[in-house]
1. Once R0 is set to 25 Å, what does the formula 1/(1 + (r/R0)^6) return for the Cβ-Cβ distance between Met39 and Val124, expressed as a FRET efficiency to the nearest 0.05?
2. Which value in nm describes the separation of the simple spin-label points at Ala117 and Ala59, placed 7 Å from the Cα toward the beta carbon?
3. Please work out how much length the chain gains when fully extended from Ser29 to Arg87, using 0.36 nm per residue of separation minus the C-alpha to C-alpha distance, in nm with one decimal.
Amino acid sequence: MGNYDDWGHTNPERIGESAYRRICPRKRSGYKSGEGMHMCPAVHAEMNVVLQAARLGIATEGATLYCYCGVPCKDCAKELINAGIKRVVYLTSGNIHPDSGKKGYNFPLSFELFRLAGVEVDNVVPLAEGGK
């Protein structure tokens, strides 16, 4: 549904990959992964899937969201809850983990928000890393 940038965020396909790379203030400013998020013009993948579903008329109420990027941040957690997502399955792999230390992310708050909203959260570990 979109183009992925170096940080795992999804850019609306209407922007186009080359145009996005020219206008991204984080990229131009030399920020490292997970830094300068206040300048990020991209939409997180979790939010992009909700927006694309709305644009295409696909209901999200009661849906399951599979996240390759790890636990959704607190802002995405709030958006997913409001979109009616009832289950989140996230991948834990290498440095993609709630305790990975990404700046600006509050994973304990994400878990608490999901708990309060009754959203089931499941973790998947890749087979190559000891998963089943």
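1. Plugging the Cβ-Cβ distance into 1/(1 + (r/R0)^6) gives 0.20.
2. Label at Ala117, label at Ala59, 1.8 nm between them.
3. Taking 0.36 nm per residue and subtracting the Cα distance, the gain is 17.2 nm.
Just so you know, all these numbers are worked out from the coordinates, no wet-lab data involved. Here the structure is a predicted model, which means the values were calculated and not measured. Note: ideal-geometry Cβ built from the backbone for every residue, glycine included; neighbour counts use all protein chains shown.
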